């Protein structure tokens, strides 16, 4: 008991340190960004097609007070009071959030995923505890943010942010109330660029509200920290002169209301049943054996339960459950076949003498425990390129929603395929294979990295066609890294890329018809 307690304390201390360092490393790359300066404010975004909302005015936003009213004058006086006594730390917070709210929240999400992407340590009896959303603070804390969980989390937050901002833009153009620095010349535009975008309701507060609310579902142990960040974003926006208190109040309320639509969906999308039961796990193995196949087994000691074996039944965003089955590829080579022997031998031959460049490739794309996962890696790649485009907040949200819905749905099809065929890993077929990276605790066919990457590259190539060759090359490299690392057969990766591309095409079809153009 004492040993277990010490392990838990050490683990807790490590995760606190790790999150601080991870958030620092993620945000350091963008620490010196200038304030956002969108090339277009996308004033027609209130007409864009939402993901879940049936219409942009699903939730009412009250008519704002006139800019010559006593209530609004009090709002202006609050801003001027802050600006007369602003501190260096407050200026830094303005600078941080001025770079873009969607970007900053995505960076925060990546840090959270990395913090919670830690597989639970085994119990003294050799079994493994499973995180529980019903008791999230108990060890192991909920969630275990593995790749499929992370892909779903990124998708829900991005899609909710997008719908909330579509509604926000609808009301901005409806009420057309100017920003405080436009109304009163004594209000500075501090640390931000002046624009003609109406300020009511505040897009910053919409983002703060919708994201904070979504975290109650996805990262419940972080609610207090997230709420503090949401308040920081809102206060920084007021201090900058971009929004009045009434803009903030209306925006946060709208964001939280929109989030409830996504939370309701998330509670019923099947993710809560993705872990399964010991009986269900045993049945997967029995089904493979009944076909005369060698079933996948966990190669960890003690054997760990399979990772989310029923995630393939989760409800996708871009298509229905029948399409998941239609997108599932044909079978891998039979486990006793000559082709499987050849595939296994090819992996063994490849890893005998890896080059320095091959090792670099494996490490760059590893995205294992303690990282923001392959979905987060593609979000980071996208962020680097989105920054250069000077997008409006609503277009940032739209593009991230498309990317992350594609990645989530790719994960669903991939996991459906993995547990349908229950195919063994190369190292299970040949114990002489010494991998260059960790062996994932789930079946081999098809490759998750390849499927995630194929989907991401496809939608990003549509959004930024000038970068298409780069994205496709990166997807190929990510896919190939899993063969080089000794944890996948070549067929896992080539088929995974194709499946990912097919999923990504659904995101492209949505993008072509959402009214946002390109």
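The values are calculated or read from the model by the stated rules, or taken from the named source; none is laboratory data. Since we're looking at a predicted model, the values are computed, not measured. Positions of Cβ are generated from backbone atoms using ideal geometry, with glycine treated the same way; all protein chains shown enter the neighbour counts.
For the reader, a short list of remarks on this structure follows.
- Among all positions in region 293-309, there is at least one residue which is within 19 Å of the chain's Cα centre (by Cα), part of a loop (DSSP other than H, G, I, E, B) and farther than 30 Å from residue 67 by Cβ.
- Tabulated pairs, region 410-427, first at positive phi and buried (at least 24 other Cβ atoms within 10 Å of the Cβ), second at pLDDT 95 or above and not in a helix (DSSP H, G or I), C-beta under 7 angstrom, 6+ apart or interchain: 422/295; 422/296; 422/443
- If you go through region 279-309 and keep only what is within 19 Å of residue 144 (Cβ to Cβ) and either outside the structural domain of residue 337 (by TED's automatic domain parsing) or surrounded by 13 or more Cβ atoms within 10 Å (Cβ to Cβ) (or both), you end up with 280, 281, 298, 299, 300, 303, 304, 305, 306, 307, 308, 309.
- If you go through region 82-94 and pick out every residue that is farther than 9 Å from residue 239 by Cα and either within 36 Å of the chain's Cα centre (by Cα) or in a helix (DSSP H, G or I) (or both), you end up with 6.
- In region 392-405 there is at least one residue that is in a loop (DSSP other than H, G, I, E, B), touching a residue at least 24 places away in the same chain (Cβ under 8 Å) and in contact with a helix residue (DSSP H, G or I) (Cβ under 8 Å, 6 or more places away or on another chain).
- Residue list for region 205-244, filter: more than 27 Å from residue 195 (Cβ to Cβ) and outside any helix (DSSP H, G or I): 219
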